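Colleague: Got a structure for you, questions after.
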Amino acid sequence: MAAPDFSSHRLPTDTDDGMVVIISGPSGVGKTTITRGIERSIPDSVFSVSWTTRKSTGIDVEGVDYHFCEDAEFEAMKALGGFLETAGVYGKKYGTPKAWVLEQLKRGRLVILEIDVVGAITVKKQIPDAYAIFVLPPSEDVLLGRLRSRKREDEAAIQKRFAHAKAEIEEAHTCGVYNLFLVNENLDESLGKAITAIGAERERRKHKNL
Ligand code: 5GP
């Protein structure tokens, strides 16, 4: 599978203010709601649909939430250089489609990646001006309560996620890739803050490039 070549044509709707926005945060923190809220509120934003070898939960929609694939398909895509980054989470593989992201950037869009800290570190190496937001819970107790209230898993699985979340928060603080830490006390407020921060960053870049 050869990567498509988008270098030769420019559409009348293309602009020069493409930007990658990374959203990370532990499960149960509300990052998907914030991510989808950003996508709805910023007209030229597009959500990058990752590839994953994890099974669909039934709530997930193929091609909207993820591209679900078998391990062999994932590895074949990886071998062809098809991913901007990949990471393993709870024994499953996740990857960001490279050609699609680069095409959207070229079109001047705001490309949203909802990825973990490992992925964010890799993306920042390749696209240093990616704007990265980490969503934090108001406290560890609140996070544990939210994980329990989802009623998706048994207590052992919840504790595993909780331990993973604490380690990920620690790594997010020390890795130096995040531009903004957003404590999610209230979803509407957090979404508003994320949209304002992204808008301000885009404006700043526009003026820098004038
Ligand atoms: P879930 O399986 O619960 O949807 O996602 C598990 C974790 O994998 C989340 O932290 C999510 O942000 C992360 N994730 C989803 N897609 C990607 C991806 O393409 N790359 C990386 N590095 N992480 C991803």
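The values are calculated or read from the model by the stated rules, or taken from the named source; none is laboratory data. Please read these numbers as outputs of a predicted model, since none were measured by experiment. Virtual Cβ from ideal backbone geometry, glycine too; neighbours counted across all protein chains shown. When the accessible area is computed, the model is the full protein with side chains, heavy atoms only, and any ligands, DNA or RNA have been set aside. Shrake-Rupley method; radii C 1.70, N 1.55, O 1.52, S 1.80 Å.
Colleague: For the range 120-131, indicate whether the set of residues that are modelled with pLDDT of 95 or more, away from the ligand (no atom under 15 Å from the Cβ) and open to solvent by less than 60 Å² (accessible area, probe 1.4 Å) is non-empty.
Modeller: yes
Colleague: OK, next. Just to be sure before I move on: is Gly88 small (Gly, Ala, Ser), closer than 25 Å to Arg150 by Cα and in contact with a strand residue (DSSP E or B) (Cβ under 8 Å, 6 or more places away or on another chain) in the structure I sent?
Modeller: yes
Colleague: Okay, moving on. For the range 103-119, which positions are crowded, with 20+ Cβ neighbours inside 10 Å and either more than 16 Å from the ligand (Cβ to nearest atom) or over 20 Å from Leu191 (Cβ atoms) (or both)?
Modeller: Gln104, Arg109, Leu110, Asp116, Val117, Gly119
Colleague: Every residue in the range 148-191 that is in a helix (DSSP H, G or I), open to solvent by 70 Å² or more (accessible area, probe 1.4 Å), more than 28 Å from Tyr131 (Cβ to Cβ) and within 13 Å of the ligand (Cβ to nearest atom), please.
Modeller: Selection gives Lys160 alone.
Colleague: Here's a check for you: in the range 24-38, which residue that is open to solvent by 10 Å² or more (accessible area, probe 1.4 Å) and closer than 22 Å to Leu84 by Cα is farthest from the chain's Cα centre (by Cα)?
Modeller: Ranking the qualifying residues of the range 24-38, first place goes to Arg36.
Colleague: Here is a follow-up. Failed condition for Tyr90, given (1) more than 8 Å from the ligand (Cβ to nearest atom); (2) at positive phi, with all others met?
Modeller: That leaves (1) as the condition not met.
Colleague: Which condition number does Leu182 fail, the rest of (1) modelled with pLDDT under 95; (2) within 18 Å of Thr35 (Cα to Cα) being met?
Modeller: (1)
Colleague: Among the residues of the range 192-210 satisfying the criterion of being open to solvent by less than 40 Å² (accessible area, probe 1.4 Å) and of a type in the set (A, V, I, L, M), which is farthest from the chain's Cα centre (by Cα)?
Modeller: The extreme case among them is Ala197.
Colleague: Is the range 80-102 home to any residue that is without any contact (Cβ under 8 Å) to a residue 40 or more places away in the chain and either over 23 Å from Cys175 (Cα atoms) or more than 19 Å from the chain's Cα centre (by Cα) (or both)?
Modeller: No - not one qualifying residue is present in the range 80-102.
Colleague: Looking at the structure I just gave you, is Val21 free of Cβ contacts under 8 Å to residues at least 60 places away in the same chain and within 16 Å of the chain's Cα centre (by Cα)? Steps first, answer last, please.
Modeller: Details: free of Cβ contacts under 8 Å to residues at least 60 places away in the same chain: no; within 16 Å of the chain's Cα centre (by Cα): yes.
Answer is no for this residue.
Colleague: Sticking with this one: If a residue has to be within 12 Å of the ligand (Cβ to nearest atom) and more than 15 Å from Thr96 (Cα to Cα) to count, how many in the range 39-60 make the cut?
Modeller: Looking only at that region, the number is 5.
Colleague: Filter the range 130-147 for residues that are part of a helix (DSSP H, G or I) and within 24 Å of Leu113 (Cβ to Cβ) and give the result.
Modeller: Leu143, Arg146, Leu147
Colleague: Based on what the data block shows, is Thr35 in contact with a Phe, Trp or Tyr (Cβ under 8 Å, 6 or more places away or on another chain) and within 29 Å of Gly192 (Cβ to Cβ)?
Modeller: yes
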